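Trainee: Quick one: the structure is below, and I'll ask about it shortly.
Values in this text are rule-based calculations from the coordinates and carry no lab data. Quick caveat: nothing in here was measured; it's all calculated off a predicted structure. Every residue, glycine among them, receives a Cβ derived from its backbone with ideal geometry; neighbour counts consider all protein chains shown.
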Amino acid sequence: MATTYTISDLAREFDLTTRAMRFYEDMGLLQPEREGPGGRSRVYSARDRTRLKLTLRAKRLGLSLTEAKEIIDSYDSPRDTAPQLRKFLAVLADHRKKLEAQLLDLQANLDELKVHEKEARQLLLKAENSK
């Protein structure tokens, strides 16, 4: 028998809220089976658990949920892996460029901050010495 999980099981394991789990389901990242009266109970498969793990990994890398879904969905198809890997590399390269640009902006901000700190320290020293 295949291993299954409740929404609470996965939320607890991955330190998420059940609301976040439902959001990932709404985004099409997870597709639990429905059981019980009116299909109120969600039953997640090992596949859903893996997709959730990959989604969270993509988020840690800074990818959007849409990008994560595209990449994860590409691995669900039985096609050759070369196109999937090319897509993954393209998304990663684009994201890396964005992060590198942000890093340059942050470094420029830090450099400017250091200049202002130095000027403020000099003014403070001058003010304290003129007493």
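Trainee: Quick one: grab the alpha carbon gyration tensor of segment 59-101, order the square roots of its eigenvalues as a ≥ b ≥ c, and give me rounded if a/c is under 1.5, else prolate or oblate depending on whether a/b is larger than b/c.
Mentor: oblate
Trainee: In addition: Between K53 and N129, what length in nm is gained on full extension when 0.36 nm per residue of separation is reduced by their alpha carbon distance? Working shown, then result.
Mentor: Details: separation 76, 0.36 × 76 = 27.36 nm, distance 5.98 nm.
Taking K53 through N129 to full extension adds about 21.4 nm, to one decimal.
Trainee: May I pose another question? So, in nm, how far is label L61 from label Q122 when the simple model puts each one 7 Å beyond its Cα toward the Cβ?
Mentor: Result for the modelled spin labels: 4.6 nm.
Trainee: Quote the charge dipole size of segment 19-131 about the Cα centre in Debye, to the nearest 20; the model charges only the Cβ of Lys and Arg (+1) and of Asp and Glu (-1).
Mentor: Values: 24 positive and 18 negative charges, 72 e Å.
Using Cβ point charges on Lys, Arg, Asp and Glu, segment 19-131 gives about 340 debye.
Trainee: Could you list S41, S130 so that the one with the fewest beta carbons within 10 Å of its beta carbon is first and the one with the most is last?
Mentor: The most exposed by this proxy come first: S130, S41.
Trainee: Between 0 and 90 degrees, rounded to the nearest ten: what's the tilt of helix 46-60 against the longest Cα principal axis of the chain?
Mentor: 10 degrees
Trainee: Quick check on the chain: helices-only [θ] at 222 nm, where DSSP H runs of length 4 and up contribute -39,500 (n - 2.57) each and the sum goes over total residues. Nearest 500, please.
Mentor: The helix contribution divided over the chain gives -24000 deg cm²/dmol.
Trainee: Could you give the length gained on full extension between D26 and A108, defined as 0.36 nm per residue of separation minus the Cα-Cα distance, in nm?
Mentor: 25.6 nm
Trainee: For a footprinting-style exposure proxy, rank L106, L30, L16 by other Cβ within 10 Å, fewest first.
Mentor: L106, L16, L30
Trainee: Hey, in the GNM for the chain with a 10 angstrom Cα cutoff, which one of G36, G28, G62 fluctuates hardest?
Mentor: G36
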